[in-house]
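Here the structure is laid out as structure tokens; the discussion comes afterwards.
FYI, it's all coordinate maths here, none of it is from the lab. The model shown is predicted, which means the values in this text are computed figures rather than measured ones. Every residue, glycine among them, receives a Cβ derived from its backbone with ideal geometry; neighbour counts consider all protein chains shown.
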Amino acid sequence: MKIAVYPGSFDPVTLGHMDIIRRASGMFDRLIVAVVANKNKKVTFSLEERAEFLRRAVEAEGLTNVTVDFYDGLVANYLRTVGATTLVRGLRAMSDFENEFQMALANRQINADADTAFLVTSVEYMYLSSSLVREIGSYGGNIRDFVPECVAADIAAKLKP
Ligand code: ADP
């Protein structure tokens with residue numbers, strides 16, 4: 001069974017993330033969306049909220065081979081614990097590339113079985129990021145075009161000024 005892990009902050013989940021999840025779920029037997037629990041990284045939504053929004057969005061899409069989990073520490077080590085050898089990451093622009101390239105090499109150094117598969121964004125989500133959603137939401141702007149419909153109200157309520 002080919003298991004892949006899609007790690008990220010998902011602070012909060014966007015339609016860009018869901019696009020990657022939907023496409024990757026068709027490429028692997030099982031996809032684990034892994035929310036990072038890094039205490040040093042400042043986040044707006046708690047680990048539980050980020051995972052819960054993802055779970056609801058995945059369920060609403062009917063993606064039965066996708067599960068949501070979280071990890072602490074190095075993702076290359078987390079891969080071993082779940083029996084996965086592929087990491088999925090999304091690329092929006094060249095500006096994502098340098099950092100992603102470095103992380104992919106580092107992950108393979110730590111875990112020789114850890115290969116990274118990059119999926120290029122769908123063009124309609126090219127500009128979309130969690131930070132954009134947080135920014136618009138924090139000024140009371142409409143975020144409904146950017147996040148899954150089933151969680152939009154909860155995300156907006158938390159970001160509201
Ligand atoms: P991280 O803090 O680990 O970068 P994010 O939640 O910001 O976590 O992103 C997780 C992954 O999803 C990254 O690989 C990122 O490049 C990708 N991603 C984010 N937004 C988009 C988008 N609009 N289209 C494609 N990939 C995206």
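Would you mind classifying the range 72-161 by shape? Square roots of the alpha carbon gyration tensor eigenvalues, ordered a ≥ b ≥ c; an a/c under 1.5 is rounded, otherwise it is prolate if a/b is larger than b/c and oblate if not. It is prolate, given that a/c is not under 1.5 and a/b is the larger ratio.
For the range 149-155, backbone phi angles converted through the Karplus equation (6.51, -1.76, 1.60; θ = phi - 60°) give residue-by-residue couplings of 4, 5, 10, 4, 5, 5, 5 Hz, Gly and Pro being listed as x.
Taken about its Cα centre, the range 1-64 carries a charge dipole of about 220 debye when Lys and Arg each add +1 at the Cβ and Asp and Glu each add -1 at the Cβ.
Dividing the summed helix terms, -39500 (n - 2.57) for each DSSP H run of n ≥ 4, by the number of residues in the chain produces a 222 nm estimate of -13500 deg cm²/dmol to the nearest 500. Only the Cβ atoms of Lys and Arg (+1) and of Asp and Glu (-1) were treated as charged; on that basis the dipole of the chain about its Cα centre amounts to roughly 200 debye. What range in the chain is the longest one free of trypsin sites (Lys or Arg not before Pro) that are in a loop by DSSP and have at most 13 other Cβ atoms within 10 angstrom? The reported range is 43-143.
Helix 94-110 axis versus longest C-alpha principal axis of the chain: approximately 40°, rounded to the nearest ten.
Treating each Cα of the chain as an identical point scatterer and summing with the Debye formula, the log10 of I(q)/I(0) at q = 0.15 Å⁻¹ comes to -0.79. For the range 33-114, a simple Cβ point-charge model (Lys and Arg +1, Asp and Glu -1, everything else neutral) yields a dipole of about 180 debye relative to the Cα centre.
Partners of LYS158 within straight-line reach, counting lysines whose Cα lies under 25 Å from its Cα and excluding those fewer than 8 residues away in the same chain: LYS39, LYS41, LYS42. Counting beta carbons within 10 Å around each of SER95, SER122 and listing the fewest first gives the order SER95, SER122.
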